[in-house]
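I have placed the structure first, in the form of structure tokens, so that the comments after it can refer back to it.
Bear in mind these aren't lab numbers, they're just calculated from the coordinates by the rules spelled out. No experiment lies behind these values; they were computed from the predicted model shown. Using ideal geometry, Cβ is built from the backbone for each residue, glycine included, and neighbour counts are taken over all protein chains shown.
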Amino acid sequence: MAQRESMEYDVVVVGGGPAGLAAAIRLKQLAAEKGSETSVCLLEKGSEIGAHILSGAVMDPRGLSELIPDWQAQGAPLKAPVSEDRFLFLSRSGAFTVPGFMLPACFRNHGSYVVSLGNVCRWLGQQAEALGVEIFPGFAAAEVLYNEDGSVTGVATGDMGIGKDGKPTDNYQPGMELHAKYTLFAEGCRGHLGKLLQERYALCAGADPQVYGIGLKELWQIDPAKHQSGLVVHTAGWPLDRATYGGSFLYHMEDSLVAVGFVVGLGYTNPYLNPYEELQRYKTHPEIRKFFDGGKRLAYGARAIAAGGLQSLPKLVFPGGALIGDDAGFLNASRIKGSHAAIKSGMLTSTRSETERE
């Protein structure tokens, strides 16, 4: 096989989600403040920044405000401030609405925004490139590279042109090695390199086991007469039974778009339970169906959710690198939010990596 080519950077970031982009942006900001130069490369496995982000979220802007204080003037795509919070307990055919004054603080989203997280990441990618971050979309980090002393020295992208038998074909092209003084892993929930690093450096020692769920999302274009920009609806109860953890969300974005989702904890004991079918049943409830009658589904997807919280956080730093964002599990499950924590974790880790690099 052909020998891999290599490139040298000060910092390599693996993953183009909120955490990875925030880390790259903050590194460049810190370098500019000191009048120095820091070379930063960001790898994104999707065809473009935002391609692997499941859109539709309520975003607390505090992290973004710390990263880019003038984000509104810069045109950040946060266009639908939360206008109303509703929480419903569903039975098979009825619903009980929790009065607003009884809602716990975690379900009060005043000051937050209903966003397409994919669009937010695309915008952050533009800010990163404007600062000089080299972004390589379409390249997945397939392997962690190590120094002789056991510290991380970078990553390698996957080889291309491998046949079904595992042997190179005529189209074989070796991956590229990206070497760095510090490598930040922001792959999202259950990142495969992050899992390897947690095991190699015993990062989870002393932490509770991580708790996982699956979140299924759909994006709908609904009748404008039924749309209320900024409306946030959460539910518990039907169609899940009392022994099964989970719930739903319904977020009204701008332009008559609605993101609907259903979360099921992966500790359920019923072997016949199908999370996708539960989402479809949920949409038939009278209190939910009324939003979708006459509408059109535009997109759908699903992904894992790390919901263990603070007790399940691993040690973040290891020789030559760190875990950030949901690669570490920074989702705040009680608030049903994580993008602000991902951004903050990327910023803080960048500050430390810049200090250590010097």
Within the range 136-152, backbone nitrogen closer than 15 Å to the virtual label 7 Å beyond the Cα of Glu5 toward Cβ: 136
For the chain, size of Cβ-based charge dipole, Lys and Arg +1, Asp and Glu -1, in debye: 1360 debye
Crossing angle, helix 117-130 versus the chain [Cα axis fit, 0-90 degrees, rounded to tens]: 30 degrees
Length-normalised contact order of the range 95-203 in % [C-alpha pairs under 8 Å, at least 6 apart]: 15 percent
Distance in nm between pseudo-label sites at Phe101 and Gln311 (7 Å out along the Cβ direction from Cα): 3.4 nm
Centre separation in Å (Cα based) which lies between the range 142-187 and the range 1-74: 20 Å
Check: the range 260-358 dipole with +1 on Lys, Arg Cβ and -1 on Asp, Glu Cβ, in debye: 360 debye
Restricting the range 82-143 to trypsin sites (Lys or Arg not before Pro) in coil, as DSSP defines it, with at most 15 other Cβ within 10 Å: Arg92, Arg108
Charge dipole of the chain about the Cα centre (unit charges at C-beta), most positive-ward option of Asn119, Met253, Gly237: Gly237
Amide proton proximity set for Ala142, modelled H, under 5 Å, gap of 5+: Ala156, Thr157, Gly158
Cα gyration tensor shape of the range 1-98, rounded if a/c is under 1.5, else prolate or oblate by comparing a/b with b/c: oblate
Farthest toward positive dipole pole in the chain [+1 Lys/Arg, -1 Asp/Glu at C-beta], among Gly15, Phe89, Gln280: Phe89
Sorted by Cβ density within 10 Å, fewest first, the residues Glu187, Glu218: Glu218, Glu187
Computed log₁₀ I(q)/I(0) - Debye formula, equal Cα scatterers, no solvent, the range 53-157, q 0.15, 0.21 Å⁻¹: -0.84, -1.14
Antiparallel DSSP beta bridges within the chain, as percent of all bridges there, nearest 5: 65 percent
Over the chain, equivalent-ellipsoid semi-axes from the Cα gyration tensor in Å: 37, 23, 20
Centre separation in Å (Cα based) which lies between the range 103-137 and the range 189-211: 26 Å
Relative contact order computed over the range 17-133 (Cα-Cα under 8 Å; 6+ residues apart), in percent: 41 percent
Ser83-Asn274 pseudo-label distance in nm [points 7 Å out on the Cα-to-Cβ vector]: 3.7 nm
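With an 8 Å Cα cut-off and a minimum separation of 6 or more residues, compute the relative contact order for the range 240-358 in percent.
13 percent
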Under 19 Å from the Ala236 label point (7 Å along Cα→beta-carbon), backbone N, the range 314-329: none
With Cα atoms, 0 to 90° folded angle of helix 339-357 axis to the chain main axis: 20 degrees
Dipole in debye (nearest 20) - the range 32-122, about Cα centre, beta carbon charges: Lys, Arg +1; Asp, Glu -1: 420 debye
Prolate/oblate/rounded call for the range 210-358, Cα gyration tensor, a/c under 1.5 rounded: oblate
Mean Cβ neighbour count within 10 Å, used as a protection proxy, ranking 316-328, 142-154, 165-177, 332-344 highest first: 316-328, 332-344, 142-154, 165-177
R0 of 25 Å, Cβ-Cβ distance Ser151-Leu196: FRET efficiency to nearest 0.05: 0.95
Length gained when the stretch Tyr300-Glu129 is fully extended (0.36 nm per residue, less Cα-Cα span): 58.7 nm
Low-density loop cleavage sites - chymotrypsin sites (Phe, Trp or Tyr not before Pro) in the range 247-330, where at most 10 other Cβ are within 10 Å (DSSP): Tyr272
Whether the range 31-82 is rounded, prolate or oblate, judged on the alpha carbon gyration tensor where a/c under 1.5 counts as rounded: oblate
